[in-house]
Amino acid sequence: MEMVAIINQVFDIEQKLGAKGETFAERNFTRIYHELDAMGYYIVDPSNRAYHETDTDIEATLSGNLSGQLKVTRVLKPIIYQKVPGGEMALIQKGIVIIEGK
Amino acid sequence: MEHINIGIDLGTTNSGIGRYENGKVQVLKNPVGLKEILPSVVSFRKGRIIVGDKAREQYLTNAENVFSAFKRRIGTSENYWVKQENESSEITPVDLSAYVLKELSNYLHNEKDSVVITIPASFDTIQSNATKQAGYQAGFKEVVLLQEPIAACLAYANVSHINIEKEQKWLVYDFGGGTFDTALIYINQRELKVIDNKGNNFLGGVDIDHAFIREVIVPKLSEITGNVELWDKIALKQGVYEKFWHYLNYIGEEVKKQLSLTQTAWLEVDFAELHIMTEFEISREDLNTVVRPKYLETEKFILELLSENDVTFSDIERIILVGGTTYIPFIKDELKRISQSIVDDTVDPTTAVIVGAAYYAGAHPKAVTVKTVADEQAPKLHREDVKISYEPYTNDIEELIAFKINDQFKGLYRISRNDGGFDTGLIGFSESGSEFVTLIPKAKNIFRLRIYDAEEKEIYDNADINISHGLYNVSGQLLPADICIELDNNDDTTYLEVVFKRNSILPLKKTLYKTFTKSIIVNSDDKIVINLVEGKGGTMPGANLSIGYIELSGKTIHSDLIQGTDIEIKVNMDESRGLYVMIYIPATEEEIERSFHIASRDVNCEKILYDITQAEALLAKEIAISNKEEAYEVSAMFSNIEQELSDLRKTAEELFGDNLTVEKYRIDERKRKLLGELDSLTRARDVYAVLNEYKELKTDFISQEKYATPELINKYKLITTRENEFLKSNDKHLIKKMNDELRSVNIKVHEQNPEFFVRVFLSLRFMPLTQYKSGNVEELFQMGNNFIMEKNYEQLRPIVYVLYGMLKEEFKSRREEHFQQLQNVKFSKMGLK
């Protein structure tokens with residue numbers, strides 16, 4: 001799945017820029033996600049989402065202090081869905097995340 | 001005669017299931033998470049039973065209730081203890097295996113009575129029977145066992161269509177996540193047999209992964225950071241170092257995969273908590289230093305196996321690879337080196353056993369199943385017995401699904417989301433249950449509720465629970481008509497593209513990405529127009545009410561805007577239908593904002609005259625056609641409109657420049673009415689024409705289908721699945737757009753057909769030299785001829801294009817459709833497409 005590899009790279013670049021506080025490429029990313037959406041790909045960033053063991057759209061590694069509210073502290077790969085003709089979604093990549101307790 | 005058709009690989013680390021159908025095997029995907037491989041891990045927590053990836057995640061939070069590698073204990077009396085709240089209960093390896101098998105059987109829809117399950121060659125009778133027991137416990141009526149190395153050989157023999165003429169000996173090399181097994185197989189035309197086998201239940205790929213981090217990655221990081229005690233801290237797994245360990249595992253795995261494809265790879269380490277941000281190169285050699293010792297252990301087993309059976313490598317026809325660890329090139333290379341036999345990895349080593357089990361199942365007839373009376377009368381719950389409540393539309397990312405069963409009931413439930421991203425696992429309940437479900441943002445989420453009785457038999461299945469997030473603003477106003485933008489056609493006319501559809505709920509916003517179809521030079525009179533209208537998509541622009549009009553002219557811009565430049569147009573409409581347009585041109589970073597409110601609508605006189613001119617041109621054509629066809633009544637109707645437009649034009653021209661008068665609104669209204677009439681008269685006929693064209697284009701594709709590449713077939717399917725939508729739209733421009741797309745697909749398909757280029761070349765070849773511009777035309781003719789004789793169509797194609805380019809302009813035939821593409825037909829009115 002070459003598109004999945006490309007989407008992962010785009011997401012990675014966006015994260016790296018975000019970590020440095022750089023916003024100059026925001027429009028470009030909006031456009032990229034717009035085109036991806038037209039191709040049927042829907043990307044979800046689960047950063048800061050509360051962790052539930054019922055969430056099978058992520059592969060989580062639980063780490064560190066596990067008391068308190070567990071949530072996603074780092075996203076290594078985003079969740080990617082593909083729209084199937086008929087309007088439904090299918091999960092094609094699980095998000096790879098690290099979970100910690102806060 | 002029915003066959004079993006279903007095969008399961010019940011592995012120590014991972015399991016999977018495959019189906020045999022019509023001569024092929026399909027490895028089934030888990031509906032939850034869509035993976036083919038299911039980790040053989042089961043966890044128990046707060047009454048919830050989870051199998052697979054999510055169970056494995058709980059190693060840290062719930063370690064004592066997470067169970068894996070129970071295959072090593074099956075057939076023994078070594079049981080496990082599950083601690084739940086204050087009680088402990090005993091659970092056997094058979095029970096745990098049954099949960100895994102049951103989870104796999106969930107991937108099937110119906111065929112759940114007979115199955116083939118694989119077992120290691122080393123399993124004795126007790127272990128084999130225990131495996132069968134697990135199968136029965138999982139709900140299968142008939143369980144047939146198959147040895148794993150045999151399954152692997154079957155996969156290779158079938159997938160590669162290997163013909164076994166005389167007897168051969170194969171060696172199976174199975175290096176999985178947690179275990180290593182090797183087997184010597186005897187194979188002839190009729191049978192497959194395990195002669196002998198050896199292995200180690202505690203040697204696997206995971207050992208290589210850990211060694212890679214410990215002996216290659218961490219030392220390198222120690223060197224770079226100067227932190228000599230780095231590994232010691234990680235080994236203690238305390239605090240942030242524990243998180244670092246997991247992070248290293250993740251990147252280590254990615255690099256390992258990369259090194260299977262390339263000789264070197266860059267390892268990027270970005271871990272803020274330890275202030276480590278670095279990258280360094282790792283080579284395959286570095287990885288091999290940790291692979292080699294593990295590999296040598298396996299080599300010892302192979303050599304022992306062979307010598308104990310008086311067999312040498314020269315007797316081995318083929319070594320087949322099973323297990324993910326065999327992806328590592330070093331292992332393949334070493335095996336090739338010491339054996340000089342064929343080392344076969346043509347079947348995916350991670351699913352080879354599943355595939356083989358399914359092939360075996362496809363050839364194995366089912367035992368006659370006796371349907372017991374109890375089966376027939378298994379009590380099921382009907383829709384009305386279960387009351388479900390949930391919010392169908394919401395803006396929260398989590399919603400509650402609650403359900404209640406009428407009478408006294410004790411059993412289990414499972415709620416999952418159809419895309420595979422949410423699953424509760426099996427949960428016990430009595431009479432009622434509820435669960436918070438996570439939603440995909442801004443999408444329709446479809447959930448499935450299944451209920452099982454106390455014996456874990458499924459008695460209820462409802463997959464119609466729909467919860468939509470963020471898609472509806474329940475308290476909004478409806479848009480009474482389409483809002484469209486006017487865009488250029490390729491032929492000097494314009495058309496309307498829908499931005500917001502009629503009956504959408506306000507407020508609405510959308511970003512359009514368009515390009516300039518002409519250039520605007522600073523200080524010139526060039527301009528492009530952005531015109532937003534309210535009316536029906538697909539109708540004549542001039543027949544509709546203009547609600548937003550923006551001109552970008554040479555006089556107002558700061559730098560030249562060249563044709564082909566991108567432009568972003570953000571259109572917002574609020575609840576009271578106020579229009580707000582924001583234009584952004586990335587090339588010059590110019591931003592222009594305008595607001596439009598119905599009350600202060602502006603009418604542009606130039607636009608009125610332009611629209612009338614467009615209509616008059618169209619009318620002239622129509623009248624000529626109708627007269628030719630002797631449709632005099634129709635002709636008369638057109639002439640009436642023509643006359644009224646002509647009068648209107650005179651009035652408009654008199655008022656031109658007099659922008660303050662209220663007359664212009666009246667003129668605009670009149671113009672719209674007349675153009676609306678004209679549009680109705682012509683539209684039905686035009687729509688009919690483009691619909692016919694679509695049919696012809698489809699027929700064309702189907703007749704040439706055998707030359708289409710999978711990509712082109714996909715494009716064709718993308719167009720035809722939307723057929724219903726645009727054919728019923730009555731929008732000739734929309735249909736025309738589809739036709740253009742389909743036409744370009746057809747052209748590409750024709751190009752795949754070598755005959756096509758030969759025909760074109762020959763027609764070019766026989767055109768007189770005088771019709772060509774000067775150049776080495778003769779040479780090209782000669783080359784073309786040669787290529788045709790050699791049947792080298794790849795090289796013929798560029799010759800054709802070059803020759804066509806060398807024709808003098810006036811001789812470029814416009815009848816040949818694909819030549820039309822080579823020409824650049826450019827007419828721009830609005831300046832946008």
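The values are calculated or read from the model by the stated rules, or taken from the named source; none is laboratory data. Predicted model only: the values in this text are computed from it and were never measured. In this analysis, Cβ positions are derived from the backbone assuming ideal geometry, glycine residues included, and neighbour counts consider all displayed protein chains. Quick note on the areas: whole protein, heavy atoms, side chains included, nothing else; ligands and nucleic acids left out. Shrake-Rupley method; radii C 1.70, N 1.55, O 1.52, S 1.80 Å.
Go through the stretch A:36-57 and give me each residue that's exposed (fewer than 11 other Cβ atoms within 10 Å of the Cβ) and either at the interface with chain B (Cβ under 8 Å from one of its Cβ atoms) or under 14 Å from the mean Cα position of the chain (by Cα) (or both). Selection gives A:Asn48 alone. In the stretch B:38-52, the residue that is nearest to B:Ser430 (Cα to Cα) out of those that are open to solvent by less than 10 Å² (accessible area, probe 1.4 Å) and part of a strand (DSSP E or B) is B:Ser43.
Does at least one position in the stretch B:28-37 carry a residue that is in contact with a Ser or Thr (Cβ under 8 Å, 6 or more places away or on another chain), more than 14 Å from chain A (Cβ to nearest Cβ) and open to solvent by less than 50 Å² (accessible area, probe 1.4 Å)? Checked the stretch B:28-37: no residue is in contact with a Ser or Thr (Cβ under 8 Å, 6 or more places away or on another chain), more than 14 Å from chain A (Cβ to nearest Cβ) and open to solvent by less than 50 Å² (accessible area, probe 1.4 Å). Of all residues in the stretch B:250-287, those satisfying the criterion of being open to solvent by 30 Å² or more (accessible area, probe 1.4 Å) and under 23 Å from A:Ser67 (Cβ atoms) are B:Ala272, B:Glu273, B:Leu274. Filter the stretch B:150-163 down to residues that are in contact with a strand residue (DSSP E or B) (Cβ under 9 Å, 6 or more places away or on another chain) and without any contact (Cβ under 8 Å) to a residue 60 or more places away in the chain and give me whichever is surrounded by the fewest Cβ atoms within 10 Å (Cβ to Cβ). My answer is B:Ile162. Scanning the stretch B:400-418 for residues that are of a type outside the set (Val, Ile, Thr) and touching a residue at least 40 places away in the same chain (Cβ under 8 Å) turns up B:Phe403, B:Lys410, B:Gly411, B:Leu412, B:Ser416, B:Asn418.
Looking only at the stretch B:179-230, which residues are open to solvent by less than 30 Å² (accessible area, probe 1.4 Å), in a loop (DSSP other than H, G, I, E, B) and touching a Leu at 6+ places or on another chain (Cβ under 8 Å)?
First, pick out the residues of the stretch B:179-230 that are open to solvent by less than 30 Å² (accessible area, probe 1.4 Å): B:179-180, B:182-185, B:187-188, B:203-205, B:208, B:211-213, B:216-218, B:221-222, B:230.
Those still in the list that are in a loop (DSSP other than H, G, I, E, B) too: B:179, B:188, B:203-204.
Scanning the stretch B:179-230 gives a single hit, B:Thr179.
Residues in the stretch B:117-176 that are modelled with pLDDT of 90 or more, basic (Lys, Arg) and under 18 Å from B:His364 (Cα atoms): B:Lys132 alone. In a residue-by-residue description of the stretch B:80-102, the property of being open to solvent by 10 Å² or more (accessible area, probe 1.4 Å), under 30 Å from B:Asn197 (Cα atoms) and at pLDDT below 90 applies to at least one position. I want to confirm something. Restricting to the stretch B:796-811 and keeping residues that are under 45 Å from the mean Cα position of the chain (by Cα) and free of Cβ contacts under 8 Å to residues at least 12 places away in the same chain, which single residue is least open to solvent (accessible area, probe 1.4 Å)? Checking each candidate, the answer is B:Pro798.
Inside the stretch B:517-546, can you point out the residues that are part of a strand (DSSP E or B) and either without any contact (Cβ under 8 Å) to a residue 12 or more places away in the chain or buried (at least 22 other Cβ atoms within 10 Å of the Cβ) (or both)?
To start, the set of residues in the stretch B:517-546 that are part of a strand (DSSP E or B) comprises B:520, B:527-534, B:545-546.
Answer for the stretch B:517-546, where residues must be part of a strand (DSSP E or B) and either without any contact (Cβ under 8 Å) to a residue 12 or more places away in the chain or buried (at least 22 other Cβ atoms within 10 Å of the Cβ) (or both): B:Ile520, B:Ile528, B:Ile530, B:Asn531, B:Leu532, B:Val533, B:Ser546.
Does B:Leu512 satisfy the condition of being in contact with a strand residue (DSSP E or B) (Cβ under 8 Å, 6 or more places away or on another chain), more than 14 Å from every other protein chain (Cβ to nearest Cβ) and part of a strand (DSSP E or B)? So B:Leu512 does not fit the description; no. Taken over the stretch B:388-428, the residue count meeting the criterion of being open to solvent by 70 Å² or more (accessible area, probe 1.4 Å), away from every other protein chain (no Cβ under 13 Å) and at pLDDT below 90 is 7.
Quickly run through the stretch B:614-633 and pick out the residues that are more than 18 Å from B:Asp686 (Cβ to Cβ) and in contact with a helix residue (DSSP H, G or I) (Cβ under 8 Å, 6 or more places away or on another chain). Don't jump to the end; show me each part of the working.
Within the stretch B:614-633, the subset more than 18 Å from B:Asp686 (Cβ to Cβ) is B:627, B:630, B:632-633.
If the condition is that a residue be more than 18 Å from B:Asp686 (Cβ to Cβ) and in contact with a helix residue (DSSP H, G or I) (Cβ under 8 Å, 6 or more places away or on another chain), then B:Asn627, B:Tyr632 are the ones that fit.
Of B:Arg672, B:Arg759, B:Arg765, all but one fail to be open to solvent by 40 Å² or more (accessible area, probe 1.4 Å), over 30 Å from B:Val533 (Cβ atoms), basic (Lys, Arg) and touching a helix residue (DSSP H, G or I) at 6+ places or on another chain (Cβ under 6 Å); the exception is B:Arg765. Considered as a group, the residues in the stretch A:58-93 that are under 16 Å from B:Asp53 (Cβ atoms), out of contact with any Asp or Glu (no Cβ under 8 Å at 6 or more places or on another chain) and within 7 Å of chain B (Cβ to nearest Cβ) include one that is modelled with the highest pLDDT, and that residue is A:Leu76.
Return a yes/no flag: does the stretch B:452-467 have any residue that is within 12 Å of chain A (Cβ to nearest Cβ), in a strand (DSSP E or B) and buried (at least 19 other Cβ atoms within 10 Å of the Cβ). No, there is no match, as no residue in the stretch B:452-467 is within 12 Å of chain A (Cβ to nearest Cβ), in a strand (DSSP E or B) and buried (at least 19 other Cβ atoms within 10 Å of the Cβ).
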